[in-house]
Amino acid sequence: MFGTGSVSYEVQSRREGHWRIEGAYTDQEAALSAARSQLAAPGVEEAKVVKFRTIAGLSLETVILHKTAPQTQRKGLALGGTAEGAPLCRTPDDVRGFESRVVIGRLLRPYLDAQRITPTELLHSWPLFRRLEEQGALFGAAIHAVARHHADLHGVSHAARARELRQLVEAVTAASRDMLAEQRRLPRFDPADLPGTSDRIEKAAGTAGHDPLFLTLLCPHLEAGGPLAGKLDLLLAMMGDAAEPRHLALLDGVVADIMGSADTVKELLGAQPSLYAGLCVLADALFDRDPDPALALMGVPLRRVCRLALQGRAPQSRTVLLERLRRSIAGDQPLDRRDATAEGLLTHDLADRLKGADGMLLGGAAMGKALDRRLTRHRQAVLRAQGMHDIADRLSGR
């Protein structure tokens with residue numbers, strides 16, 4: 001009586017509590033297959049297929065499939081390091097500061113790398129911080145790690161310090177939440193015209209509110225970069241020769257955050273054959289020397305960061321890269337896994353590579369101690385291989 005009408009199918013998925021349309025189909029089996037594929041996709045909580053049938057001007061809607069994604073047991077993220085060096089923050093600006101972000105980056109490194117974000121973004125983007133809080137104990141574990149460090153170092157109450165730190169972080173993130181609520185009224189961020197952007201920010205928030213609002217507006221722009229290496233490209237594009245010192249300082253802070261990611265630095269260094277090769281390439285870049293052609297696999301972005309650091313235009317990034325060099329040298333990983341007997345020779349060669357034209361060691365006394373520690377461990381290994389364990393123990397001062 002009414003005819004067959006028209007039939008179509010819509011596949012929808014639920015991510016982070018919000019439903020969205022994934023596709024429209026005319027074939028039922030194709031729609032069902034697409035919905036089942038969505039259930040296996042990362043981040044999908046539910047999926048459904050809605051059948052739409054139009055008959056004589058009437059539209060009938062029927063849900064023919066609605067399933068929840070299977071809950072896979074995920075290993076909880078743990079802290080990635082210690083709270084060593086955590087400053088005794090007293091104000092929200094202290095929490096946003098460079099030393100604080102270095103510690104945040106170390107403690108939350110597994111989480112930050114998984115989310116592909118920086119400590120600056122975490123502190124200036126309310127949605128990103130809210131996502132961290134949803135991880136449950138991770139945020140609290142970081143707070144208590146810093147509180148314990150302060151209690152041991154400064155003799156303050158662990159519990160009181162933890163409460164104070166939580167209040168400071170909440171003050172920082174509340175500011176980003178309030179800015180998000182005023183999103184429509186916020187100034188426009190123009191990466192091609194940072195002076196104009198700053199003028200608009202100062203009119204809206206005053207000189208004192210410039211830096212936090214600048215970084216808050218920068219965060220959505222960085223999202224387009226995707227992974228940390230892509231965000232680095234966006235930052236370097238804004239750090240050209242014409243960039244003003246105040247913009248360089250803010251952008252350098254985010255670049256330094258990125259340099260705190262070991263995985264990203266390894267990616268930027270390229271596929272180096274050994275730890276020794278990677279350290280040599282990084283040292284050459286920090287001196288702006290032409291690297292050994294056999295080792296010149298480093299990407300252009302990292303080379304540009306090192307050049308900016310040498311020019312004094314990226315001091316925070318330089319500090320982070322030097323610390324990465326120092327930690328790698330002081331660490332236990334062999335300089336060349338293929339030849340353990342070459343450890344001593346490679347360490348001496350690396351020490352020469354770390355010296356500039358003036359004969360000064362890159363990284364100063366701290367780098368010298370890291371080199372001495374590696375040489376001592378190598379001598380101990382040689383002595384123990386020869387059965388001289390007592391002598392080896394005495395080398396370490398035991």
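Scanning the range 20-29 for residues that are touching a residue at least 12 places away in the same chain (Cβ under 8 Å) and either assigned to a strand (DSSP E or B) or open to solvent by less than 40 Å² (accessible area, probe 1.4 Å) (or both) returns E22, G23, A24, Y25. Applying the criterion of being assigned to a helix (DSSP H, G or I), open to solvent by 50 Å² or more (accessible area, probe 1.4 Å) and modelled with pLDDT of 90 or more to the residues of the range 180-219, the residue that is nearest to R131 (Cα to Cα) is D211. Here E45 meets the list (1) modelled with pLDDT of 85 or more; (2) of a type in the set (D, E, K, R); (3) open to solvent by 100 Å² or more (accessible area, probe 1.4 Å) almost entirely, failing just condition (3).
For V146, the conditions (1) closer than 30 Å to Q311 by Cα; (2) modelled with pLDDT of 90 or more; (3) not basic (K, R) are fulfilled apart from (1). Look at R166 and say whether it is charged (D, E, K, R) and in a loop (DSSP other than H, G, I, E, B). Here the answer is no, as R166 does not meet what is asked. Determine whether L32 is within 21 Å of S6 (Cα to Cα) and loosely packed, with under 10 Cβ neighbours inside 10 Å. Spelling it out, it is not the case that L32 is within 21 Å of S6 (Cα to Cα) and loosely packed, with under 10 Cβ neighbours inside 10 Å. For the range 304-339, the set of residues classified as farther than 13 Å from A256 by Cβ, of a type in the set (A, V, I, L, M, F, W, C) and in contact with an Asp or Glu (Cβ under 8 Å, 6 or more places away or on another chain) consists of L310, L335, listed by residue number.
I'd like to check something: does the range 311-324 contain any residue that is over 21 Å from F98 (Cα atoms), touching a Leu at 6+ places or on another chain (Cβ under 8 Å), open to solvent by less than 40 Å² (accessible area, probe 1.4 Å) and not acidic (D, E)? So far as the range 311-324 goes, no, none of its residues is over 21 Å from F98 (Cα atoms), touching a Leu at 6+ places or on another chain (Cβ under 8 Å), open to solvent by less than 40 Å² (accessible area, probe 1.4 Å) and not acidic (D, E).
Can you pull out every residue in the range 354-398 that is among the acidic types (D, E) and either over 30 Å from T319 (Cβ atoms) or more than 36 Å from the chain's Cα centre (by Cα) (or both)? Result: D390, D393.
Scoring P334 on the criteria (1) open to solvent by 20 Å² or more (accessible area, probe 1.4 Å); (2) under 15 Å from V265 (Cα atoms); (3) not small (G, A, S) leaves a single failure, condition (2).
From the list R177, R130, R109, R161, the lone residue that is among the charged types (D, E, K, R), within 25 Å of G226 (Cβ to Cβ) and crowded, with 18+ Cβ neighbours inside 10 Å is R109. Of all the residues in the range 335-353, those that are more than 31 Å from the chain's Cα centre (by Cα) and closer than 19 Å to D290 by Cα number 2. Scan the range 173-197 for residues that are farther than 20 Å from L123 by Cα and polar (S, T, N, Q) and the total you get is 1. When L335, L325 are screened for being in contact with a Phe, Trp or Tyr (Cβ under 9 Å, 6 or more places away or on another chain) and in contact (Cβ under 8 Å) with a residue 40 or more places away in the chain, only L335 passes.
The values are calculated or read from the model by the stated rules, or taken from the named source; none is laboratory data. Just so we're clear, the structure is a prediction, and the values are computed from it rather than from any experiment. Backbone-built Cβ (ideal geometry, glycine too); neighbour counts: all protein chains shown. In case anyone asks, the SASA skips ligands and DNA or RNA and just uses the protein heavy atoms, side chains included. Shrake-Rupley method; radii C 1.70, N 1.55, O 1.52, S 1.80 Å.
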